[in-house]
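Worksheet: the structure to be examined is printed underneath.
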Amino acid sequence: MSVQALRADYHGTMKDAVENFHGKQLLNIGWDRHLMFAAPICLPLPPELPFEALVREVLPGLYGQHPDFARIDWAQVQWLRGGEPFSPEPSASLADNGLDHKAVLRLRTPGLGGLYGIGF
């Protein structure tokens, strides 16, 4: 994402550069239509984390309190990487799935319309 400075002579240091996360990278994760979570959640994760570990170990800690979470049919989940549909390779790492520093990952869960079905 490019940034335009207000002054031509401005030269700042990017505080969220990947080098500042001690081997981890930021991943933004959002669950479409589930507005109990108002915005994507940003986490520092190791790029070598397998995608299946993200689903099995990380997502329950983020979204497990939502009543719909236990009802997710993971075979039907639609994944979006940077707004584009994609099919992750479960055993491949986040990096190998194209999820680099500050990537945006979204999941859509067909048949689950948010808290009490009020997601839009």
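For the range 99-111, how many residues meet the condition of being within 16 Å of Leu43 (Cα to Cα) and in a loop (DSSP other than H, G, I, E, B)?
Summing the residues that are within 16 Å of Leu43 (Cα to Cα) and in a loop (DSSP other than H, G, I, E, B) in the range 99-111 gives 4.
Filter the strands (runs of 3 or more DSSP E) completely within the range 1-89 down to those with at least 1 residues that are polar (S, T, N, Q), touching a Cys at 6+ places or on another chain (Cβ under 8 Å) and at pLDDT 95 or above.
25-31
Sort out which residues of the range 19-36 are surrounded by 12 or more Cβ atoms within 10 Å (Cβ to Cβ) and out of contact with any Leu (no Cβ under 8 Å at 6 or more places or on another chain), and write them in order of number. First the steps, then the outcome.
Initial filter on the range 19-36 (surrounded by 12 or more Cβ atoms within 10 Å (Cβ to Cβ)): 20-21, 24-36.
Across the range 19-36, the qualifying residues are Asn20, Phe21.
The conditions are (1) surrounded by 10 or more Cβ atoms within 10 Å (Cβ to Cβ); (2) under 17 Å from Thr109 (Cβ atoms); (3) free of Cβ contacts under 8 Å to residues at least 24 places away in the same chain, and Ala70 fails exactly one of them. Which is it?
That leaves (1) as the condition not met.
Specify which of the listed residues (Pro60, Pro110, Pro90) is free of Cβ contacts under 8 Å to residues at least 40 places away in the same chain and touching a Phe, Trp or Tyr at 6+ places or on another chain (Cβ under 9 Å). Spell out how you get there, then give the answer.
Values: Pro110 fails: touching a Phe, Trp or Tyr at 6+ places or on another chain (Cβ under 9 Å); Pro90 fails: free of Cβ contacts under 8 Å to residues at least 40 places away in the same chain.
Testing whether each residue is free of Cβ contacts under 8 Å to residues at least 40 places away in the same chain and touching a Phe, Trp or Tyr at 6+ places or on another chain (Cβ under 9 Å) leaves just Pro60.
The values are calculated or read from the model by the stated rules, or taken from the named source; none is laboratory data. No experiment lies behind these values; they were computed from the predicted model shown. FYI the Cβ positions are ideal-geometry reconstructions off the backbone, even for glycines, and counts take in every protein chain you see.
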